[in-house]
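Enquirer: The following block contains the structure, expressed as structure tokens.
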Amino acid sequence: MNPVSPLFEKIDSSIEKKVDLFQNDFARYCLRAVFACLFLGLGTAVAFYIAMNGEAIAPGLGKMLYAFMFSWSLVMILYMNAELGTSNMLYMTVGVFRKKISASLALKILFTCIFFNLIGGVIVGFLVAQTGPFQHLASDSYFFHSISSKLGKETIQIIVEGIFANIVVNTAVLISMRMKDDAGKLGAIIFIIFIFAYLGYEHVIANFPAFSLAIFTSGGVLENLSVVNVLHNLIFALIGNYIGGGLVMGLGFAWLNKSKTNYLD
């Protein structure tokens, strides 16, 4: 029998809790998924708002401020035990590989989580659009420019950026699971998530509140803000995110730790 690393003992425990909640208290599972985009939406809103103010101070400052503030979204999600679709790509893939969960149940949990992340993203996007900072935005604002750039990306670019985005997200998740000190966890999460946020990689769940906010605030300013372009981004970001989080990180590290040696995580 292969030894089990302390990291994968924690992952197995997390999978068991997710399955138990999904099967025995479905409504509460769904609300935790909605909450994930509540925190992600708030993090996205403050990141864009501080970026717009930063650009007024110095060109290029906005992007750095955006990446730093966006990173706090994952801190809120992890510490508030919300259900995030992109980290569940790792958990569900690991669970199937390690025979902790059937493939059909893993798919049900994953797509339920993503669906209610979407519901949360739309709700938060609509509500944030009613707040002061997002009233009467300039057509050349950092926010509109960023959304327009996302919608103009080619398919292969979205997929590759989606792969890297979820490699980064799940690296932050796994590293935080191995750390005992809260200050260390915070630092690790913030600086790791900064990587994909600053590089502008595509994260399907983060795009739920971002696109929703753009829809409710643009008033026709964004010419390429169409259903076709939004779905194009979301679908291929989802594919890329699964490759990065589910296959590269989830399957990759599950296979690495199915070893008879002591070289385990």
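Enquirer: Among Phe70, Tyr29, Phe208, pick out the residue whose Cα is farthest towards the positive end of the charge dipole of the chain, where Lys and Arg carry +1 and Asp and Glu carry -1 on C-beta, about the Cα centre.
Expert: Value computed over the given set: Tyr29.
Enquirer: Of Lys185/Lys258; Lys180/Lys260; Lys63/Lys185; Lys17/Lys100, which ones are farther than 20 Å apart at the Cα?
Expert: Long pairs (Cα-Cα over 20 Å): Lys185/Lys258; Lys180/Lys260; Lys63/Lys185.
Enquirer: Check cross-link reach from Lys10 to the aspartates and glutamates: straight Cα distance under 14 Å, and skip same-chain residues fewer than eight apart.
Expert: Straight-distance partners of Lys10: Asp265.
Enquirer: Kirkwood Rh over Cα pairs of the range 160-234 into Stokes-Einstein at 20 °C, 1.002 mPa s: D in µm²/s?
Expert: Values: Rh = 14.0 Å.
Result for D is 153 µm²/s.
Enquirer: Return the FRET efficiency for the residue pair Ala56, Leu264: r is the Cβ-Cβ distance, R0 is 30 Å, and the value is rounded to the nearest 0.05.
Expert: Working: r = 50 Å, r/R0 = 1.67.
E(calc), rounded to 0.05, equals 0.05.
Enquirer: Related question: Select from Glu16, Glu202, Glu83 the residue whose mean-square fluctuation is largest in a Gaussian network model of the chain (Cα-Cα springs shorter than 10 Å).
Expert: Between Glu16, Glu202, Glu83, it is Glu16 that shows the largest mean-square fluctuation.
Enquirer: Would you mind working out the magnitude of the charge dipole of the range 99-222 relative to its Cα centre, with +1 at each Lys and Arg C-beta and -1 at each Asp and Glu C-beta, to the nearest 20 Debye? Mind showing how you got there, number by number?
Expert: Values: 8 positive and 6 negative charges, 116 e Å.
Here the range 99-222 has a charge dipole of around 560 debye.
Enquirer: Could you pull out which residues in the range 142-157 have an amide N less than 14 Å from a spot 7 Å beyond the Cα of His232, following the Cα-Cβ vector?
Expert: 148-157, by backbone N distance to the label point.
Enquirer: Once you have the Kirkwood Rh of the range 125-265 from its Cα pairs, apply Stokes-Einstein at 10 °C and 1.306 mPa s and quote D in µm²/s.
Expert: For the chosen part, D equals 95 µm²/s.
Enquirer: May I pose another question? Mind listing P(r) for the chain? All alpha-carbon pairs, 10 Å bins, whole percents.
Expert: 7, 30, 36, 18, 7, 1, 0
Enquirer: So how compact is the range 48-88: Cα radius of gyration and Dmax in angstrom?
Expert: 13.2, 39
Enquirer: On to the next question. Whole-Hz ³J(HN,Hα) for each residue in the range 253-265, computed from phi via Karplus 6.51 cos²θ - 1.76 cosθ + 1.60 with θ = phi - 60°, x for glycine and proline: what do you get?
Expert: 6, 5, 5, 4, 9, 9, 10, 8, 8, 8, 7, 10, 8
Enquirer: Could you work out the per residue convex hull volume over the alpha carbons of the range 37-127, in cubic angstrom?
Expert: 97 Å³
Enquirer: Further, regarding this structure: Quote the charge dipole size of the range 1-148 about the Cα centre in Debye, to the nearest 20; the model charges only the Cβ of Lys and Arg (+1) and of Asp and Glu (-1).
Expert: With only Lys, Arg, Asp and Glu charged at Cβ, the dipole is about 400 debye.
Enquirer: Could you give the size of the charge dipole of the chain about its Cα centre, using +1 on the Cβ of each K and R and -1 on the Cβ of each D and E, expressed in debye and rounded to the nearest 20?
Expert: 740 debye
Enquirer: Tell me what the chain gives for mean residue ellipticity at 222 nm when only DSSP H runs of n ≥ 4 count, each as -39,500 (n - 2.57), the sum divided by the residue total, rounded to 500 deg cm²/dmol.
Expert: Calculated mean residue ellipticity at 222 nm is -24500 deg cm²/dmol.
Enquirer: Given the peptides 117-123, 180-186, 165-171, 229-235, arrange them by the average over their residues of other C-beta atoms within 10 Å, most packed first. Walk me through the intermediate numbers first.
Expert: On the way: 117-123: 22.0, 180-186: 11.7, 165-171: 26.0, 229-235: 17.1.
So the peptides 117-123, 180-186, 165-171, 229-235, ranked by packing, come out 165-171, 117-123, 229-235, 180-186.
Enquirer: Relative contact order, percent, of the chain when contacts are C-alpha pairs under 8 Å separated by at least 6 residues? Can you show the working numbers first?
Expert: Values: 399 pairs, mean separation 81.0, N = 265.
Once divided by the residue count of the chain, the mean separation gives 31 percent.
Taken together, the values in this text are just the output of simple stated rules run on the coordinates, not laboratory data. Note that the coordinates shown come from a computational prediction; the quantities given were computed from them, not determined experimentally. Methodologically, a virtual Cβ is constructed for each residue, glycine included, from the backbone with ideal geometry; neighbour enumeration extends over all protein chains shown.
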